[in-house]
Amino acid sequence: QGKRGTADIVVWGGERTRHPTQWLVVQAELRHALDRDELVLFYQPKVSLSDGTICGVEALVRWQHPERGLLPPAEFLPAAEQSGLIEPLTAWVLRRALTDQAAWAAAGRDWTVSVNVSARNLEAADFAGMVEALLAEFGTAPDRLVLEVTETAMVDDRATSMAAIHRLAGRGIGFSMDDFGTGYTSLERLRGVPLVELKIDRTFVATVLEEKENQAIVHAVIALSRGLGCRVTAEGVETAEIADWLAAAGCDEAQGYHYSRPMPWAQISVPIPEEAIR
Ligand code: C2E
Ligand code: CA
Ligand code: CA
Ligand code: CA
């Protein structure tokens, strides 16, 4: 990775950036990045554990920085969230994702596209209006779009967030609870949220074969999803053994390096090799 050391990776614009001047530099550069179209979307397939087909893809943003190379979201999302740039950033991601979704739908691929949204997005005055306008512009069937939210995204201003979620869910847009089990929250927060999916965080999935506690947690989340009437997806599936265990446990879908790393849309349109799918 050239002259970029690991310490630098976590510091530049990331969670641990402490120097206010550097923070401002990141924000200023990010503003330009949006204008200059330096952001790129990668996609990671979501695979059905029952038949190995791709059901959808998750959009994951990266920044093709002119000097620093391809930056992961951890390096610039915290700065974006702090500065309000998360609003134009999410608008950009949605526009890009719906453009690509239209292309693969036209090619006969009925995949959903999942987009990550932040707490700040859900609290913004016209988030729902913006999403509706984009769906209308692209002629996207609402159920082809899934918005991934976290438990903590609904902590700050729950009334506003819930209003946006209900309005969009009422139109048929799917909502997914991301990183489920890692938020500092209770099950109470799930009540009243119209979900199509629960995503089991990869911290539980990675060691599910070795750790009894994680097996219990995964079983419980699967049972919970049944009760809520939504599907359940495991993230961070890195081996065939874990995929097999999850399939036997009744998990619906999986995502992870075992199937595919996130990659540009041009590459994802190529089928995943058969042997990667059980
Ligand atoms: P996430 O939504 O939980 O996304 C999953 C992360 O795990 C991604 O990291 C993905 O590349 C990585 N991953 C996927 N499969 C595996 C695996 O098998 N093993 C391991 N170790 N990791 C795997 P990434 O792309 O760096 O994204 C990090 C986080 O940044 C995402 O976590 C999400 O919270 C956030 N993010 C990404 N794109 C966006 C975006 O467009 N908007 C917003 N608001 N947040 C985003
Ligand atoms: Ca996600
Ligand atoms: Ca996740
Ligand atoms: Ca995560």
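Miscellaneous remarks
- Remark: residue 147 falls outside the filter, which requires a residue to be over 21 Å from residue 199 (Cα atoms) and outside any loop (DSSP other than H, G, I, E, B).
- Scanning segment 186-206 for residues that are within 16 Å of ligand 3 (Cβ to nearest atom) and open to solvent by 40 Å² or more (accessible area, probe 1.4 Å) yields a total of 4.
- From 135, 147, residue being within 16 Å of ligand 4 (Cβ to nearest atom) and closer than 23 Å to residue 265 by Cβ: 147
- Residue pairs meeting the criteria (Cβ under 7 Å; at least 6 apart or on separate chains; first within 10 Å of ligand 1 (Cβ to nearest atom) and of a type in the set (D, E, K, R), in segment 196-210; second modelled with pLDDT of 95 or more and in a loop (DSSP other than H, G, I, E, B)): 199/235; 201/235; 202/235; 202/236
- Cβ separations smaller than 8 Å between residues 6+ apart or across chains give the following pairs from segment 112-125 residues that are of a type in the set (Asp, Glu) to residues that are open to solvent by 20 Å² or more (accessible area, probe 1.4 Å): 123/156; 123/157; 123/160.
Rundown of residues vs (1) under 19 Å from residue 77 (Cβ atoms); (2) crowded, with 19+ Cβ neighbours inside 10 Å, yes/no style:
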| site | (1), (2) |
| --- | --- |
| 96 | yes, yes |
| 102 | no, no |
| 106 | no, no |
| 110 | no, no |
| 117 | yes, yes |
| 122 | yes, yes |
| 128 | no, yes |
| 133 | no, no |
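- Counting residues in segment 2-25 that are among the β-branched types (Val, Ile, Thr), modelled with pLDDT under 95 and in a strand (DSSP E or B) gives zero.
- Taking segment 51-71 as the range and being within 16 Å of ligand 4 (Cβ to nearest atom) and in contact with a helix residue (DSSP H, G or I) (Cβ under 8 Å, 6 or more places away or on another chain) as the test, the residues that pass are 59, 60, 61, 62.
- Listed by first and then second residue, the pairs with beta-carbon distance under 6 Å, at least 6 apart or on different chains, first residue in segment 141-160 and more than 16 Å from ligand 2 (Cβ to nearest atom), second assigned to a strand (DSSP E or B), are 144/112.
- Residue 192 being at positive phi and either among the small types (Gly, Ala, Ser) or modelled with pLDDT of 95 or more (or both): yes
Quick grid of which residues meet (1) within 24 Å of residue 200 (Cβ to Cβ); (2) in a helix (DSSP H, G or I):
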position	(1), (2)
79	no, yes
91	no, yes
100	no, yes
103	no, yes
114	yes, no
120	no, yes
130	no, yes
133	no, yes
140	no, no
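- Residues in segment 231-268 that are over 28 Å from residue 97 (Cα atoms), open to solvent by 60 Å² or more (accessible area, probe 1.4 Å) and in contact (Cβ under 8 Å) with a residue 24 or more places away in the chain: 2 in all.
The values are calculated or read from the model by the stated rules, or taken from the named source; none is laboratory data. Remember, it's a predicted structure, so these values are computed and weren't measured experimentally. Cβ coordinates were reconstructed from backbone atoms using ideal geometry, including for glycine residues, and neighbour counts include every protein chain displayed. Calculation scope for accessible area: heavy atoms of the full protein, side chains included, ligands and nucleic acids excluded. Shrake-Rupley method; radii C 1.70, N 1.55, O 1.52, S 1.80 Å.
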